[in-house]
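The values are calculated or read from the model by the stated rules, or taken from the named source; none is laboratory data. Source: prediction; values computed, not measured. Counting neighbours? That spans all protein chains shown, and the Cβs are built from the backbone with ideal geometry, glycine included. To get the accessible areas, we keep the full protein, side chains included, count just its heavy atoms, and leave off ligands, DNA and RNA. Shrake-Rupley method; radii C 1.70, N 1.55, O 1.52, S 1.80 Å.
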Number of protein chains: 4
Amino acid sequence: MQAPKQDIIHRLQIAKGHLDKVLRMVEADEYCIDIVHQSMAVQAALKKIDEIVLENHLKTCVADSIRKGNRDEAIKEVMEVFKKK
Amino acid sequence: MQAPKQDIIHRLQIAKGHLDKVLRMVEADEYCIDIVHQSMAVQAALKKIDEIVLENHLKTCVADSIRKGNRDEAIKEVMEVFKKK
Amino acid sequence: MQAPKQDIIHRLQIAKGHLDKVLRMVEADEYCIDIVHQSMAVQAALKKIDEIVLENHLKTCVADSIRKGNRDEAIKEVMEVFKKK
Amino acid sequence: MQAPKQDIIHRLQIAKGHLDKVLRMVEADEYCIDIVHQSMAVQAALKKIDEIVLENHLKTCVADSIRKGNRDEAIKEVMEVFKKK
């Protein structure tokens, strides 16, 4: 994991702050629907981070593997992520 | 938000611990694919929490609204969550 | 399944037409990425149909079940759909 | 779109048959929840097809583009699919 490291760390810290807010909302007995929306916002932020990490991975590790002839293992790993999404 | 409050708080604290681990993995330049899987595990944990909150919401608030004749607003809110998922 | 039946049938027929197009694209060796986008458009159309059916279901069957005191079974079925989504 | 073409065509024809079944279920006023599950089965079948097409695309077109030095455009297209999923 190299290139956009600071951006990703910053995004993860923001996501963590939003997750803390979910916790406080549950502790304060806030409205269920508002809690779910806040939780979904954390998930959306993590999805965006996954996309940045995966794009970086394709451009670096996967591209290197393909150039070095190790195509199948690199692509298998990417497909496992795609299937889980 | 009433009934399964302690269970939800406990799950959120675990999810927060896993999110901290994502942060440490990024800081330690761990393998991209491992980071994405760890991030997806956090999202899966939050999805499970959403399900618990939503089921509780349907059984309490939505059921009450329907009995009191306020069906449409309660269902509209649930559908907004369903569409965002 | 009552109320918006004609709308749903119409949408399903359009989705079927788009699925036929995916088939013709594969047979004609069209570009992979274009095929996937066309397939995803069919899935998005089916998701929209699911939302219409589910909203109708909540307003009719689920609301009736709750008024009649059969809350849990109706909500369990809705949650199974939500979890699968 | 080359390699697993016959498999993909076969899967699309089965998905089309299942979509026809959704249509017949709606026309016959079958139970909403059963209709949604059948529709979700079609979507799951299309997702599986997308995975086969995408994996084939990564192994052929994307690998070729990377070897020829056209990395960014090929990866951009893959990421657009990933984001839409």
Item checked: Acute angle (nearest 10 degrees) that the helix C:71-84 long axis makes with the longest principal axis of chain C, alpha-carbon atoms -> 20 degrees
Next item on the list: Would you give the gap between the C-alpha center of region B:5-40 and the C-alpha center of region A:1-71, rounded to a whole Å?
Entry: 10 Å
Note to self: Under a crude label model (7 Å from the Cα following the beta-carbon direction), how far is D:Ile9 from A:Ala44 in nanometres?
What the structure shows: 4.2 nm
Checklist line | Fluctuation leader among B:Ala28, B:Ala41, B:Ala63 - chain B, Gaussian network, Cα springs under 10 angstrom | finding: B:Ala28
Notebook entry, point to check: For the protein assembly as shown, what is the accessible area per residue in Å² when the probe is 1.4 Å?
Noted result: 45 Å²
Next item on the list: Kindly provide the helix-only [θ] at 222 nm of chain D, computed as the sum of -39,500 (n - 2.57) over DSSP H runs of four or more divided by all residues, to the nearest 500 deg cm²/dmol?
Entry: -27000 deg cm²/dmol
Item checked: Relative compactness, chain A, computed as alpha-carbon Rg over 2.2 N^0.38 Å -> 1.44
Check: For chain C, modelled as a Gaussian network with Cα springs under 10 Å, which listed residue fluctuates most, C:Leu23, C:Leu54, C:Leu46?
Finding: C:Leu23
Check: Copy-to-copy spacing for B:Asp72, label 7 Å out on the Cα-to-C-beta vector, in nm, shortest first?
Finding: 3.3, 5.2, 6.0
Notebook entry, point to check: Among the residues of chain C, which one places its Cβ closest to the rotation axis that maps chain C onto chain D, and what is that distance in whole Å?
Noted result: C:Gln43, 2
Checklist line | Label spacing, shortest first and in nm, from C:Asp20 to its equivalents in the remaining copies (7 angstrom along Cα→Cβ) | finding: 1.2, 5.8, 5.9
Checklist line | Size of electric dipole in chain D: Cβ of Lys, Arg +1 and of Asp, Glu -1, about Cα centre, debye, nearest 20 | finding: 420 debye
Next item on the list: Distances from A:Thr60 to the same position in the other copies: list them in nm, one decimal, shortest first, using label points 7 Å from Cα along Cα→Cβ.
Entry: 3.1, 4.6, 5.5
Notebook entry, point to check: At D:Asp20 and A:Asp72, where each label point lies 7 Å from the Cα along Cα→Cβ, what is the point-to-point distance in nanometres?
Noted result: 3.8 nm
Next item on the list: Lys and Arg at +1, Asp and Glu at -1: add these up for the other residues within a Cβ distance under 12 Å of C:His18 and post the number.
Entry: +4
Note to self: I want to verify a result. In a Gaussian network model of chain D, Cα cutoff 10 Å, which of these has the top mean-square fluctuation: D:Lys59, D:Lys21, D:Lys48?
What the structure shows: D:Lys59
